[in-house]
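J.: Sending over a structure as structure tokens; questions will come in a sec.
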Amino acid sequence: MKTFQFGEYEFKLETGEIARQADSAIIASCGDTQIMVTVVNKMSGEPRDFMPLTIDVEERTYAAGKIPGGFFRREGRPSEKAILTCRLIDRPLRPLFPKGFGYDVQVVITIMSIDPNIDTEIVSLVGASAALATSGIPFNGPVGAARVAYVNGDYLLNPTMEQLEVSDLDLVVAGTQDAVLMVESEANILSEDVMLGAVMYGHKESQKAIDAIQELAAEVNKPMKEWTPPVEDTSVTAKVAEIAKAGLEDAFSTASKVERVAKISSAHSDVLGALVNEESSVADIDAVNSAFKGLEKDIVRGRIIAGSPRIDGRDTTTVRPINVRTGIWARTHGSALFTRGETQAAVVATLGTERDAQRIDALEGDITDRFMLHYNFPPYSVGEVGRVGSPKRREIGHGRLARRGVAAVLPTAEEFPYVIRVVSEITESNGSSSMASVCGSSLAMMDAGVPIKAPVAGIAMGLIKEGDNFAVLTDILGDEDHLGDMDFKVAGTPEGITALQMDIKIDGITEEIMTQALAQAKDARVHILDEMAKVLDKPREEMSDHAPRIITFKINPDKIRDVIGKGGAVIRALCEETGATIDLEDDGTVNVASVDGAQGAEARRRIEEITADIEVDRIYTGKVVKIMEFGAFVNVLPGKDGLVHISQISQERVENVSDHLSEGDEVTVKVLEVDKQGRVRLSMKAVDSQ
């Protein structure tokens with residue numbers, strides 16, 4: 001067991017007691033949050049030509065002392081939080097497996113106990129790193145990780161959920177002893193210096209976790225599994241280069257993605273035709289394919305390091321041409337088409353009422369979300385045929401990144417009492433569709449009249465690093481992402497960063513590279529925002545005719561039951577008769593939504609009547625509801641009747657009430673008195689005298 005202080009809490013790593021048939025099992029604890037992480041590796045059969053790493057996060061409701069809902073009363077498909085945690089852990093671990101190690105590795109993370117004030121992500125990531133380090137599986141770790149907040153100008157390590165609520169930053173950083181591997185963050189428009197400082201602070205503090213893991217691994221001292229790295233057949237490499245080099249150089253000088261893919265496919269077919277026959281083994285074919293991929297990589301990377309133009313002819317800092325349109329769909333509340341080169345997002349914003357908010361039953365407790373951003377990546381966007389169905393891990397991850405990019409500029413519920421859903425449909429993709437979604441989301445919400453604080457744009461940066469030489473690339477293409485060393489996405493306004501996500505495919509990057517990447521990203525972000533502003537630079541003052549209008553006002557909380565009525569009869573009648581949607585909050589806030597403004601106004605008038613107090617000396621018009629020998633009862637407000645005594649019906653003497661009034665008559669009365677018991681005394685005579 002190893003322990004270390006991590007922020008306000010003690011972090012504990014234990015092994016050797018539970019799940020002993022796995023290659024390694026770690027119980028990682030921070031406060032009352034306890035995670036079991038197991039690792040199993042199977043080295044049978046031939047290795048794959050990729051790293052088959054699987055990360056699974058299993059949320060158990062017993063961890064929070066709850067029984068699952070639903071008919072079966074057991075856990076089902078993973079939650080969005082679980083999927084995002086899987087991606088968060090996969091990204092820093094995957095690059096550290098040695099090249100050529102293509103054997104199955106499965107990491108299973110089970111949430112055993114959860115403190116609602118301590119998030120599971122960092123505990124799970126550190127636990128996974130410790131499990132791999134003590135498993136005997138070839139792994140160039142360990143990895144440390146830290147969450148960083150920024151409150152009142154100070155960085156906070158491993159903040160609680162309460163501290164995150166008041167923080168201007170939520171940043172997760174993971175890395176080795178020497179370099180940063182992964183960053184994911186959401187920020188409240190912070191400067192590049194503050195963001196870089198947070199990354200460096202988190203990386204420094206994560207060394208505590210790395211030291212503890214190394215000490216634990218030394219104590220466990222598990223023998224390393226026997227594995228021999230594959231030896232590259234240089235003769236195959238030379239033959240592939242001889243056949244395909246000229247064709248690939250021509251392909252990677254072709255700006256059009258469709259034409260480039262066709263040329264690469266043709267070169268690949270030439271290689272297979274020349275070097276593969278019926279007698280070739282699977283290993284022979286894999287060797288040819290591996291050499292072809294290596295040649296692609298060498299050509300693209302070598303040209304960039306040498307200072308030659310990129311694949312589409314740009315230099316390292318130029319953003320591809322941008323085209324923007326808004327209001328592209330007739331009946332939607334807000335829409336935009338954002339095109340950057342061969343990447344295109346058609347984004348739609350929809351406004352709804354409080355009842356449209358998303359309710360999430362999470363381990364940490366029930367959550368109500370007023371803002372949803374969904375990202376769809378259909379196969380046609382890359383010219384492929386594929387299955388269309390429920391969102392995959394990639395779509396959920398990209399949607400969450402785009403959401404982080406615009407979250408900081410959203411209005412509060414008090415400023416804009418609408419629920420907002422944004423959907424980004426990726427219609428073309430060749431590099432950073434998530435950042436196109438950020439730009440399109442900002443435009444679609446402004447087109448819908450959402451009063452965001454400022455427009456937001458996003459850009460993806462890349463890296464080619466060979467030895468001490470490196471080049472940071474602005475607005476990377478898909479091929480540059482695939483063949484490069486870094487995917488560094490930055491979103492924000494001209495004043496600062498709202499989201500940052502970085503993934504590294506090499507052992508890590510330095511502070512110098514990050515500083516340059518952030519500077520280039522800011523220049524690109526400002527350029528894109530200028531292009532967006534040429535079409536739409538601020539939210540529209542008028543919303544779509546098809547969007548609901550919400551009228552917000554306050555009533556006495558004690559009168560809420562009067563508006564709802566017995567069994568909901570009153571509010572149901574109000575909705576049916578006015579055509580409006582009515583939502584009530586416990587503090588007396590009323591939201592009346594309707595597409596027709598007159599319907600909303602009528603609903604408000606009737607609610608105010610129901611909740612109004614009768615005022616002495618005020619004149620009302622009401623209907624006679626009951627005739628008595630001593631007078632008549634008149635309904636002056638919904639649910640509120642008053643008595644007109646026989647002596648107050650007329651200036652003249654009245655012998656019989658029925659001679660002057662009948663049930664259903666509409667009369668004008670003045671309030672004389674409201675006694676302590678709430679009884680109302682009215683007068684018709686007082687009105688006549690006025």
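The values are calculated or read from the model by the stated rules, or taken from the named source; none is laboratory data. Because the structure is predicted, anything quoted here is derived from the model rather than measured. Cβ coordinates were reconstructed from backbone atoms using ideal geometry, including for glycine residues, and neighbour counts include every protein chain displayed. The accessibility values were calculated without ligands, DNA or RNA, using every heavy atom of the protein model including side chains. Shrake-Rupley method; radii C 1.70, N 1.55, O 1.52, S 1.80 Å.
J.: So, T61, is that one under 19 Å from S113 (Cα atoms), more than 27 Å from the chain's Cα centre (by Cα) and in contact (Cβ under 8 Å) with a residue 60 or more places away in the chain or not?
T.: no
J.: Give me the residue from the stretch 171-185 that is outside any strand (DSSP E or B) and touching a Gly at 6+ places or on another chain (Cβ under 7 Å) and, out of that set, surrounded by the fewest Cβ atoms within 10 Å (Cβ to Cβ).
T.: Residue satisfying both the conditions and the ranking: D178.
J.: Quick check, is V300 without any contact (Cβ under 8 Å) to a residue 40 or more places away in the chain, open to solvent by less than 50 Å² (accessible area, probe 1.4 Å) and aliphatic (A, V, I, L, M)?
T.: In short, no.
J.: If M224 satisfies all but one of (1) open to solvent by 60 Å² or more (accessible area, probe 1.4 Å); (2) modelled with pLDDT of 90 or more; (3) in a helix (DSSP H, G or I); (4) hydrophobic (A, V, I, L, M, F, W, C), what's the number of the condition it fails?
T.: Tallying (1) open to solvent by 60 Å² or more (accessible area, probe 1.4 Å); (2) modelled with pLDDT of 90 or more; (3) in a helix (DSSP H, G or I); (4) hydrophobic (A, V, I, L, M, F, W, C), M224 fails exactly one: (3).
J.: For the stretch 62-71, name all the residues that are open to solvent by less than 30 Å² (accessible area, probe 1.4 Å) and either in a helix (DSSP H, G or I) or among the β-branched types (V, I, T) (or both).
T.: Selection gives A63 alone.
J.: Considering only the stretch 67-110, how many residues are more than 26 Å from E184 (Cα to Cα) and free of Cβ contacts under 8 Å to residues at least 40 places away in the same chain?
T.: Here the count works out to 9.
J.: Next question. Identify the residue in the stretch 17-58 that is small (G, A, S) and over 24 Å from D115 (Cβ atoms) and, among all such residues, is surrounded by the fewest Cβ atoms within 10 Å (Cβ to Cβ).
T.: Only one residue tops the list, namely S44.
J.: For S124, indicate whether it is touching a Pro at 6+ places or on another chain (Cβ under 9 Å), under 30 Å from V194 (Cα atoms), polar (S, T, N, Q) and in contact (Cβ under 8 Å) with a residue 40 or more places away in the chain.
T.: For S124, the condition - touching a Pro at 6+ places or on another chain (Cβ under 9 Å), under 30 Å from V194 (Cα atoms), polar (S, T, N, Q) and in contact (Cβ under 8 Å) with a residue 40 or more places away in the chain - is not met.
J.: Go through the stretch 403-417 and give me each residue that's open to solvent by less than 10 Å² (accessible area, probe 1.4 Å) and either in a loop (DSSP other than H, G, I, E, B) or free of Cβ contacts under 8 Å to residues at least 60 places away in the same chain (or both).
T.: V409
J.: I'm trying to understand the selection: among the residues of the stretch 119-170, which are touching a helix residue (DSSP H, G or I) at 6+ places or on another chain (Cβ under 8 Å), open to solvent by 10 Å² or more (accessible area, probe 1.4 Å) and among the aliphatic types (A, V, I, L, M)?
T.: Result: A133, V151, L156, L157.
J.: Consider I360 against the criteria (1) modelled with pLDDT of 95 or more; (2) surrounded by fewer than 17 Cβ atoms within 10 Å (Cβ to Cβ): it satisfies all of them except one. Which criterion is unmet?
T.: Result: I360 fails condition (1) only.
J.: Check off (1) exposed (fewer than 14 other Cβ atoms within 10 Å of the Cβ); (2) among the aliphatic types (A, V, I, L, M); (3) in contact with a helix residue (DSSP H, G or I) (Cβ under 6 Å, 6 or more places away or on another chain) for A218 and give me the number that stays unchecked.
T.: It fails just one condition, (3).
J.: Given the condition at pLDDT 90 or above, aliphatic (A, V, I, L, M), farther than 30 Å from A547 by Cβ and open to solvent by less than 70 Å² (accessible area, probe 1.4 Å), answer yes or no: does some residue in the stretch 312-329 qualify?
T.: There is at least one residue in the stretch 312-329 that is at pLDDT 90 or above, aliphatic (A, V, I, L, M), farther than 30 Å from A547 by Cβ and open to solvent by less than 70 Å² (accessible area, probe 1.4 Å).
J.: Could you tell me which numbered condition I504 fails, if it satisfies all but one of (1) open to solvent by less than 10 Å² (accessible area, probe 1.4 Å); (2) among the β-branched types (V, I, T); (3) under 21 Å from I189 (Cα atoms); (4) more than 18 Å from the chain's Cα centre (by Cα)?
T.: (3)
J.: When the stretch 421-451 is examined, which residues are found to be open to solvent by 10 Å² or more (accessible area, probe 1.4 Å), part of a strand (DSSP E or B) and not polar (S, T, N, Q)?
T.: R421, V423, E425, E428 - these are the residues of the stretch 421-451 that are open to solvent by 10 Å² or more (accessible area, probe 1.4 Å), part of a strand (DSSP E or B) and not polar (S, T, N, Q).
J.: Now for a different question. Here is a list of conditions, (1) within 27 Å of I582 (Cβ to Cβ); (2) hydroxyl-bearing (S, T, Y); (3) crowded, with 20+ Cβ neighbours inside 10 Å, and T368 meets all of them except one; can you say which number that is?
T.: (3)
J.: Another question about this same structure. So A336 clears everything in (1) surrounded by 20 or more Cβ atoms within 10 Å (Cβ to Cβ); (2) closer than 25 Å to E58 by Cβ except one condition, right? Which one?
T.: (2)
J.: Something else about it: Quick one: which of I582, I614 is within 18 Å of K559 (Cβ to Cβ) and buried (at least 19 other Cβ atoms within 10 Å of the Cβ)?
T.: After applying the criteria, what remains is I582.
J.: Output the residues belonging to the stretch 457-479 that are in contact with a helix residue (DSSP H, G or I) (Cβ under 8 Å, 6 or more places away or on another chain) and acidic (D, E).
T.: Answer for the stretch 457-479, where residues must be in contact with a helix residue (DSSP H, G or I) (Cβ under 8 Å, 6 or more places away or on another chain) and acidic (D, E): E466, D475, D479.
J.: Taking the stretch 51-61, which residues are assigned to a loop (DSSP other than H, G, I, E, B) and more than 25 Å from E395 (Cβ to Cβ)?
T.: R60
J.: Still on this structure: Does R48 satisfy being in a loop (DSSP other than H, G, I, E, B) and charged (D, E, K, R)?
T.: yes
J.: Restricting the search to the stretch 72-117, which residues are surrounded by 23 or more Cβ atoms within 10 Å (Cβ to Cβ) and in a loop (DSSP other than H, G, I, E, B)?
T.: I114
J.: For the stretch 509-548, give me the residue count where each residue is open to solvent by less than 60 Å² (accessible area, probe 1.4 Å), β-branched (V, I, T) and at pLDDT 90 or above.
T.: Matching residues across the stretch 509-548 total 2.
J.: Does the stretch 136-156 hold any residues that are free of Cβ contacts under 8 Å to residues at least 12 places away in the same chain and at positive phi, and which are they?
T.: The answer is N152, G153.
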